[in-house]
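*Asks:* I'd like to ask some things about the structure below.
The values are calculated or read from the model by the stated rules, or taken from the named source; none is laboratory data. Note that the structure is predicted; figures quoted are calculated from it, not measured. Positions of Cβ are backbone-derived with ideal geometry, glycine not excepted, and every protein chain shown enters the neighbour counts. For the accessible areas, the whole protein counts, side chains as well, though only heavy atoms, and no ligand, DNA or RNA atoms are used. Shrake-Rupley method; radii C 1.70, N 1.55, O 1.52, S 1.80 Å.
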Amino acid sequence: MEKNVAIIAVNPVNGSGLFQYLEAFYENGISYKVFAVAETKEISTNSGIAIRVDDVIANLKGNEDQFDALVFACGDAMPVFSENASAPYNQDMMQVIATFGQKDKILIGHCVGGMLFDFAGAASGKKVAVHPLAKSAVQQAIATDKAYEVDSNIYTAQTENTIVDMIGKVVEVLK
């Protein structure tokens with residue numbers, strides 16, 4: 001049975017990563033909704049392209065049961081995450097990731113996605129591919145140097161450049 005996917009996009013989001021997911025889901029008839037990790041639906045890509053997404057993360061919180069999988073679309077907002085970790089939208093993001101993890105739903109991400117899955121307690125003991133600069137921050141999951149990792153319900157790619165290596169497995173599990 002086809003899965004319904006929630007995509008969370010930070011602001012600014014890595015357009016290359018986000019658009020790879022969107023294109024693969026669209027081309028394969030996979031239902032998705034994009035949520036901004038921001039106060040409004042208006043976000044931009046790291047190259048400055050303005051986009052309006054479907055909703056905001058605050059409206060995904062508490063509605064996780066409507067979705068079978070969660071995609072974390074990384075972006076340039078992540079290097080300063082620690083400076084804004086207490087912002088309501090970042091708190092909502094971490095709670096949503098934790099809830100998906102507690103329910104053993106499919107978690108998909110790239111770059112620091114595996115690190116955030118780890119921070120939220122959703123990837124403990126599981127292998128995750130993360131950006132080389134985030135590898136040392138991973139504590140409960142097992143950070144690897146592979147282009148991508150699939151471990152149970154966790155699908156992670158090291159960077160936006162390695163999503164292409166993982167996307168076939170993602171599409172397969174979502175169809």
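*Asks:* Leaving out ligands and nucleic acids, note down the accessible area per residue over the chain with a 1.4 angstrom probe, in whole Å².
*Replies:* So the chain comes to 45 Å² accessible per residue, rounded to a whole number.
*Asks:* So which aspartates and glutamates pass the test for Lys105, namely a Cα distance under 18 Å, with those fewer than 8 places away in the same chain ruled out?
*Replies:* In chain and number order, the partners are Glu2, Glu64, Asp65, Asp68, Asp92, Asp118, Glu149, Asp151, Glu172.
*Asks:* Computed over the Cα atoms, what is the radius of gyration of the stretch 1-50 divided by 2.2 N^0.38 Å, N being its residue count?
*Replies:* 1.18
*Asks:* Ignoring the sites themselves, what is the longest stretch of the chain with no GluC sites (Glu not before Pro) in a DSSP loop and at most 14 other beta-carbon atoms within 10 Å?
*Replies:* For GluC sites (Glu not before Pro) (loop position, at most 14 other Cβ atoms within 10 Å), the longest site-free span of the chain is 40-175.
*Asks:* Is the stretch 61-103 best put as rounded, prolate or oblate by its Cα gyration tensor, with a ≥ b ≥ c the root eigenvalues, rounded for a/c under 1.5, and otherwise prolate when a/b is larger than b/c, oblate when not?
*Replies:* Prolate, because a/c is 1.5 or more and a/b exceeds b/c.
*Asks:* Placing unit charges on C-beta atoms (Lys and Arg positive, Asp and Glu negative, everything else neutral), compute the dipole magnitude of the chain about its Cα centre in debye, rounded to 20.
*Replies:* Here the size comes out at about 220 debye.
*Asks:* Separate question: As a quick test, which of the pairs Lys126/Lys175; Lys41/Lys127; Lys41/Lys146; Lys61/Lys146; Lys41/Lys135 have an alpha carbon distance above 26 angstrom in this structure?
*Replies:* Lys41/Lys127; Lys41/Lys146; Lys61/Lys146; Lys41/Lys135
*Asks:* Let me ask another. From the Cα gyration tensor of the stretch 44-154, with a ≥ b ≥ c the square roots of its eigenvalues, which class applies: rounded if a/c is under 1.5, or else prolate if a/b is larger than b/c, or else oblate?
*Replies:* It comes out oblate by the Cα gyration axes.
*Asks:* Here's another thing I want to ask about it. With each run of n ≥ 4 DSSP H residues scored as -39500 (n - 2.57), what mean residue ellipticity at 222 nm is computed for the chain after dividing by its residue count and rounding to the nearest 500 deg cm²/dmol?
*Replies:* -8500 deg cm²/dmol
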